[in-house]
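J.: Have a look at this one before I ask anything.
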Amino acid sequence: MLGLNGTPFQPDTLQLTGIPGMQTDQAWVALLFCILYLISIAGNLIILALVFRESALHQPMYYFLSMLSLNDLGVSFSTLPTVLATFCFNYRHVGFDACLVQMFFIHTFSFMESGILLAMSFDRFVAICDPLHYATVLTNNCILALGLGILAKSFTTLLPFPFLVKRLPFCKGNVLHHSYCLHPDLMKVACGDVRVNNIYGLFVVIFTYGIDSTFILLSYALILRAVLAIASREQRLKALNTCISHICAVLVFYVPIIAVSMIHRFWKSAPPVAHVMMSNVYLFVPPMLNPIIYSVKTKEIRRGILKACYKP
């Protein structure tokens with residue numbers, strides 16, 4: 001569909017949607033999201049402050065944890081404006097260009113999280129499989145290069161998305177199915193030839209989630225082989241215990257992604273609330289749980305929190 005001047009028709013605003021079937025419980029949903037945001041933002045800020053202040057945490061593992069916390073803050077702040085506007089103030093409209101910007105940042109931070117988890121698995125691989133060279137391999141320059149590489153990869157692969165969406169006409173309405181903007185959701189209301197968007201979207205998913213998850217599995221296969229070669233049972237358990245937090249973070253991130261994909265492809269008759277709830281889990285749960293996981297399972301982080309709490 002073309003506008004009066006021959007350009008593709010695009011609405012000035014798009015209408016966001018809350019959780020289907022829960023309109024009467026809007027206040028409770030708003031309270032829940034506020035709690036999730038509060039836990040996520042406070043928890044990740046605490047992790048960042050601890051790593052910055054405690055010299056004992058100036059190690060590669062905690063630098064990567066800081067990257068994860070920064071990224072989780074990015075995810076939270078990307079969704080926060082429209083989610084709070086939708087559920088707290090019942091304001092359900094977002095400008096078309098603002099929606100594209102939000103879509104770009106949500107997807108960019110999501111793909112960056114996958115890259116950071118891969119970098120953290122490399123950290124655990126070197127620490128367990130080649131501990132004598134740990135300090136020489138994971139230098140500050142190496143960590144900085146890895147962080148910038150993850151940022152550059154995510155930014156460049158996601159940059160075409162807003163332009164690919166911008167070229168499309170929107171003739172199927174302007175109502176989205178979430179309280180934030182996602183590329184698949186925009187494709188449902190776009191018309192015209194969306195094959196380029198879908199093909200490029202599939203390429204980006206494989207290029208990021210597919211490759212990253214494969215290398216994470218490979219790194220843990222090598223870690224497991226190295227751990228099983230350790231003669232002492234106590235040393236084996238100690239080595240594996242250093243990976244527990246990262247394994248939990250990987251599961252918290254990838255399980256919702258797999259669940260969303262399975263529902264989308266194999267449960268076509270699923271009620272809309274199932275898609276919406278799984279998408280919310282995928283975006284809101286990892287930023288909330290990651291600082292909790294590392295605070296509970298990492299002795300140095302736990303000690304730093306207790307020291308800050310009981311410092312006179």
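J.: Would you check if Met61 is among the hydrophobic types (A, V, I, L, M, F, W, C), open to solvent by 30 Å² or more (accessible area, probe 1.4 Å) and modelled with pLDDT of 90 or more?
T.: yes
J.: Let me ask something additional. Collect the residues in segment 190-216 that are touching a residue at least 40 places away in the same chain (Cβ under 8 Å), closer than 20 Å to Leu159 by Cβ and over 18 Å from the mean Cα position of the chain (by Cα), keeping them in residue-number order.
T.: Tyr200 - this is the single residue of segment 190-216 that is touching a residue at least 40 places away in the same chain (Cβ under 8 Å), closer than 20 Å to Leu159 by Cβ and over 18 Å from the mean Cα position of the chain (by Cα).
J.: How many residues, within segment 288-309, are open to solvent by less than 20 Å² (accessible area, probe 1.4 Å) and under 14 Å from Asn44 (Cβ atoms)?
T.: Result for segment 288-309: 4.
J.: Are any of the residues in segment 49-64 in contact with a Ser or Thr (Cβ under 7 Å, 6 or more places away or on another chain), hydroxyl-bearing (Ser, Thr, Tyr) and not in a loop (DSSP other than H, G, I, E, B)?
T.: Checked segment 49-64: no residue is in contact with a Ser or Thr (Cβ under 7 Å, 6 or more places away or on another chain), hydroxyl-bearing (Ser, Thr, Tyr) and not in a loop (DSSP other than H, G, I, E, B).
J.: With (1) open to solvent by less than 30 Å² (accessible area, probe 1.4 Å); (2) of a type in the set (Val, Ile, Thr); (3) closer than 20 Å to Leu16 by Cβ as the list, and Val101 as the residue in question, which single condition is left unmet?
T.: (1)
J.: I'd like to verify a number: residues in segment 44-58 that are over 22 Å from Ala127 (Cα atoms), modelled with pLDDT under 95 and not hydrophobic (A, V, I, L, M, F, W, C), how many?
T.: Number satisfying all stated conditions: 1.
J.: Any idea how many residues of segment 50-72 are hydrophobic (A, V, I, L, M, F, W, C) and more than 19 Å from Ala308 (Cβ to Cβ)?
T.: Total meeting the criteria: 5.
J.: Next up: Scan segment 79-95 and tell me whether some residue there is farther than 19 Å from Ile19 by Cα, open to solvent by 50 Å² or more (accessible area, probe 1.4 Å) and not in a strand (DSSP E or B).
T.: So far as segment 79-95 goes, no, none of its residues is farther than 19 Å from Ile19 by Cα, open to solvent by 50 Å² or more (accessible area, probe 1.4 Å) and not in a strand (DSSP E or B).
J.: Continuing with the same structure: Checking Ser295 against (1) among the hydroxyl-bearing types (Ser, Thr, Tyr); (2) more than 24 Å from Leu32 (Cα to Cα); (3) touching a Lys or Arg at 6+ places or on another chain (Cβ under 8 Å), which single condition isn't satisfied?
T.: Going through (1) among the hydroxyl-bearing types (Ser, Thr, Tyr); (2) more than 24 Å from Leu32 (Cα to Cα); (3) touching a Lys or Arg at 6+ places or on another chain (Cβ under 8 Å) one by one, Ser295 breaks only (2).
J.: Is segment 160-178 home to any residue that is open to solvent by less than 50 Å² (accessible area, probe 1.4 Å), closer than 29 Å to Ile247 by Cβ and in a helix (DSSP H, G or I)?
T.: No.
J.: Read through the list (1) open to solvent by 30 Å² or more (accessible area, probe 1.4 Å); (2) at pLDDT below 85, then give the number of the only condition that Val285 fails.
T.: (2)
J.: In segment 12-28, is there at least one residue being at pLDDT 90 or above, open to solvent by 70 Å² or more (accessible area, probe 1.4 Å), at negative phi and acidic (Asp, Glu)?
T.: Checked against the condition, which is being at pLDDT 90 or above, open to solvent by 70 Å² or more (accessible area, probe 1.4 Å), at negative phi and acidic (Asp, Glu), segment 12-28 yields no hits at all.
J.: Pull out all pairs, ordered by first then second residue, where Cβ-Cβ is under 6 Å, the residues are six or more apart or on different chains, the first lies in segment 282-311 and is within 18 Å of Glu54 (Cα to Cα), and the second is open to solvent by less than 70 Å² (accessible area, probe 1.4 Å) and of a type in the set (D, E, K, R).
T.: Listed pairs, sorted by first residue: Gly304/Glu54.
The values are calculated or read from the model by the stated rules, or taken from the named source; none is laboratory data. As the structure is a prediction and not an experimental result, all values here were calculated from the model. Cβ sites come from the backbone with ideal geometry, for glycine too, and all protein chains shown count toward neighbours. With ligands, DNA and RNA removed, areas are computed over all heavy atoms of the protein, side chains included. Shrake-Rupley method; radii C 1.70, N 1.55, O 1.52, S 1.80 Å.
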